[in-house]
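K.L.:
What follows is a structure written as structure tokens; I'll ask about it next.
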Amino acid sequence: MPRSRPTPETAAAIDLGSNSFHMIVARIQDGQVAVIDRIRDAIRLAGGIDADNNIDEATQEQALECLRRFGQRLADFPPGSVRAVGTNTLRNANNSYSFLARAEEALGHPIDIISGVEEARMIYRGVAHSLAVTDQRRLVMDIGGGSTELIIGDDTGPVYMESMEMGCVTTTRNFFPDGGITPKRIEKARIFALTELEPHVSGFLKVGWDQAIGASGTIRSVNRVLSAAGWSGDTITLDGLKKLIEKLGTFDSIDKIKLDGLTDERVPVFIGGAIVLLATFEALGIKEMEVSDRALREGLLHDLIGRLQDQDVRDSSIIHLAQRYHADPGQAQRVKQTALDALNQVAADWALEDGDAAHWLGWAAELHEIGLDIAHNRHHHHAAYIIEHSDLAGFSQQEQRFLAAIVRSHRRKLPLKLYKELPKRISKPVKRLSVLLRLAVILHRGRSDIELPPFTLNVSNKTRIELCLDTTWLQQHPLTQADLEQEKVYLANAGFELSLYQEEPS
């Protein structure tokens, strides 16, 4: 069965946002998190997007220098104790994956790209851990550089989430491209934000909330400015926001903005974020918003601790997806148990000894038949598409690609081109886990509850596979025997040599 790693004494979370990079380092004791270090750098990835939707080289170099500094701080951290994620700009840039390979090398740890909905879930988790337990529903808002997340949740977690393609960097860049400020530009930006919000307003109002909380650098900056000007107290109010936007309209250009409480670093993107915040207040009828100093990175830390302590939300996501597409639970468990048995026998020789390999193989076994809910023909393709494109809580975009690749590979020809498109560090493990899943599926072709007799699986020279089965059982299952003969051909095309041996029952 999957093995969890021991919980490290310290862990780190890194948020590669569109407006800035953040890292927090925390001490973990009895499941509690105590932050011991914070590092922030104003790397504006969203501001470095060129006309071809690529992150330009100058911005990449700034980002890599920052990650090397982060990497120095994390030099002694063991694998699995660091969670780093990229958000909106890395989700959308055409060259994000080529940049990611360089970024991982600079940091010394893997970096995941997460969906907008997953970002929203993490933000809520980070904020909720700082709040007292109540029976109230909360609306949490986070304005990033390239996207804005809105989440309604309670003490059990999020219940309604949306991520919108508007942020402080992109809104400022799109509506104030040369830095000039006019009332007409402010109004255009406000109408844009209201238009982005419009499809989601009825859903949020239907769910409802008791308390509104802001959780981002933009919102904290707005709060400081309003407080310094005497336009609100400890919270952000609609009236205070209107006064702020009116004041911003008195400046001719962004570089002339001078407001008490506003740092020089925040000035270049402040107006776009403030307009998004005002539009959200207006669209959702918010009168007052409290401000939290917690955000995505705190959520990442708590999620990481859950993974290390076998409280992984990804397990629930797999169960829900299998149920949604009516996968046969009996067959899934049969295949899973046999696949994990095979993994235990070859893990050392195939460098699959860490607990992650068992998790991935087990999840793939649970989902390998979900495509049947669409059509039997090419159901492995259907299943892979569902896995890669669903919103799966806890999974990054890369992780969904990895899992989809294993499931896509469980029958017919192995997709060699697909393996080449995966990052080098994951391509070989995915290919080997695919072989184990394929063999388990073949051995359970009969879908019988009768226990499979013990089998032996050995690998040598990394590509030679020896499968030893009970002679009597094999003779009683000619279809399985025929499938295994065909499997020799499929595996040979992928560079493996499968040999079948029979042994007399003891």
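No lab work stands behind these numbers, since they all come straight from the coordinates. Computed from a prediction, not measured in an experiment: that's the story for all the values here. Glycine also receives a Cβ, built like all others from the backbone with ideal geometry; neighbour counts cover every protein chain displayed.
K.L.:
Normalising by the residue count of the range 312-449, find the relative contact order in percent from Cα pairs under 8 Å and 6+ residues apart.
P.N.:
Result for the range 312-449 is 28 percent.
K.L.:
For the residues Leu500, Leu74, what sequence is obtained by ranking on other C-beta atoms within 10 Å, fewest first?
P.N.:
Leu500, Leu74
K.L.:
Based only on other Cβ atoms within 10 Å, what is the fewest-to-most ordering of Arg125, Arg447, Arg401?
P.N.:
Ranking Arg125, Arg447, Arg401 by Cβ neighbours within 10 Å, fewest first, gives Arg447, Arg401, Arg125.
K.L.:
Would you work out which of Leu197, Thr172, Ala132 lies farthest towards the positive end of the dipole of the range 131-293, given +1 charges on the beta-carbon of Lys and Arg and -1 on that of Asp and Glu, about the Cα centre?
P.N.:
Thr172
K.L.:
With no solvent and one equal point scatterer placed on each C-alpha of the range 131-293, evaluate the Debye formula and give log10 I(q)/I(0) for q = 0.11 Å⁻¹, two decimals.
P.N.:
Each listed q maps to, in turn, -0.40.
K.L.:
Considering the dipole of the chain built from charges on the beta carbon (Lys and Arg +1, Asp and Glu -1) around the Cα centre, which of His368, Leu437, Leu259 is farthest to its positive end?
P.N.:
Leu259
K.L.:
Give me the distance between the Cα centres of the range 377-418 and the range 183-238, rounded to whole Å.
P.N.:
39
K.L.:
Stretched out fully, how many nm does the piece from Arg412 to Ser202 gain, at 0.36 nm a residue minus the Cα gap?
P.N.:
That works out to 71.0 nm of additional length.
K.L.:
Nearest 10 degrees, 0 to 90: what angle lies between the long axis of helix 397-408 and the longest principal axis of the chain (Cα atoms)?
P.N.:
Value to nearest ten degrees: 20.
K.L.:
Let me ask something additional. In degrees between 0 and 90, to the nearest 10, how far off the longest principal axis of the chain does helix 183-207 point, with axes built from Cα atoms?
P.N.:
On a 0 to 90 degree scale, this one is about 50.
K.L.:
Please arrange Glu162, Glu366 by counting, for each residue, the other beta carbons lying within 10 Å of its beta carbon, fewest first.
P.N.:
The order, fewest Cβ neighbours first, is Glu162, Glu366.
K.L.:
Using DSSP to define loop residues, name the trypsin sites (Lys or Arg not before Pro) in the range 150-241 whose beta-carbon has at most 11 other beta-carbon atoms within 10 Å.
P.N.:
Qualifying residues, ordered by number: none.
K.L.:
Okay, helix-only estimate at 222 nm for the chain: each DSSP H run of n ≥ 4 adds -39500 (n - 2.57), divide by all residues, round to 500 deg cm²/dmol; what do you get?
P.N.:
Taking each H run of at least 4 residues, the total per residue is -15500 deg cm²/dmol.
K.L.:
Could you give the length gained by full extension between Glu57 and Asp260, i.e. 0.36 nm per residue of separation minus their alpha carbon distance, to one decimal place?
P.N.:
69.6 nm
K.L.:
Over the Cα atoms of the chain, compute the convex hull volume and normalise it per residue, giving Å³.
P.N.:
Value for the chain: 164 Å³ per residue.
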